[in-house]
1. Restrict the search to segment 9-50; then list the trypsin sites (Lys or Arg not before Pro) that DSSP places in a loop and that have at most 16 other Cβ atoms within 10 Å of their Cβ.
2. Suppose we keep just the alpha-carbon trace of segment 75-143; what are its Rg and Dmax in angstrom?
3. Nothing charged except the Cβ atoms of Lys and Arg (+1) and of Asp and Glu (-1): what's the magnitude of the dipole of the chain about its Cα centre? Round to the nearest 20 debye.
4. FRET efficiency for residue 117 and residue 145, Cβ-Cβ distance as r, R0 = 25 Å, nearest 0.05?
5. Over segment 14-88, what lengths in whole Å, largest first, do the semi-axes of the equivalent ellipsoid take, defined as the square roots of 5 times the eigenvalues of the alpha-carbon gyration tensor?
6. Once the whole set of protein chains is in place, how much accessible area is left on residue 125, using a 1.4 Å probe, in Å² to the nearest 10?
7. Specify which residue in the list 169, 145, 129 is farthest towards the positive end of the charge dipole of the chain, using unit charges on the beta carbon of Lys, Arg (+1) and Asp, Glu (-1), about the Cα centre.
8. Kindly rank 164-175, 65-76 from highest to lowest mean number of other beta carbons found within 10 Å of each residue.
Amino acid sequence: MKRSLATRILRKVRRDLRYYGLRAHTVWFAATRGVKVGKGTLIFPGARMSKIGGGTIRIGSYCVFHHGSLLATYGGDIHISDRVSLNDYSILYGHGGLEVGEGARIAAHTVVIPSNHGIDADEPIWMQPMALRGIVIGKDVWMGTGVRVLDGSVIADGCVIAAGAVVLPTLQTEPMGIYGGVPARKISSRIRSQDPS
């Protein structure tokens, strides 16, 4: 009995030390990079954030940014709402603006890029102006591993984007829709139809 109580206390102390250690790292990390971070947010060592070319990064409360995740403004603004998680090696750029709604879950290796190159044949691609339409990701969205979201896309509240899907700006998402494929298309809904019987 005494051993189990001591074990539980020790586990709690370890959890608390880890949390407060991560929180201290988060406060230091945000302050040294000019990033606004809400209360309770945790940025793990190995996560990266950069305001390349200007722009802002604002992160809400109780978010988690795992090792290897990257936010880079490239002159645009990135606004992450409360309770968002960004998993390992995911990339979110700011170029034309990025909004991520409350409670969004972004799985590992996801790439969100709110810009696009011109592809006119009359001049080299590197000389052409970039489109900067921006991206909006709604509340309670779950994006599976390896999702790609391209400039101009809007993902409605409550959507699920299946692993490996490519979201194009032409996709008209509906709230609570489930989308998958390359390019992504609606494959189901989170809302279950009611049985009339």
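The values are calculated or read from the model by the stated rules, or taken from the named source; none is laboratory data. Source: prediction; values computed, not measured. No Cβ is skipped: glycine too gets one built from the backbone with ideal geometry, and neighbour counts run over all protein chains shown. Protein only, heavy atoms only, side chains kept; ligands, DNA and RNA dropped before computing areas. Shrake-Rupley method; radii C 1.70, N 1.55, O 1.52, S 1.80 Å.
1. Working: sites: 11, 12, 14, 15, 18, 23, 33, 36, 39, 48; in loops: 39.
Here the sparse-neighbourhood loop sites are 39.
2. Radius of gyration, then largest Cα-Cα span, for segment 75-143: 14.2, 46 Å.
3. The calculation lands at about 1660 debye.
4. The pair residue 117/residue 145 has a calculated efficiency of 0.45.
5. Values: eigenvalues 86, 27, 25 Å².
Here the semi-axes work out to 21, 12, 11 Å.
6. 90
7. 145
8. 65-76, 164-175
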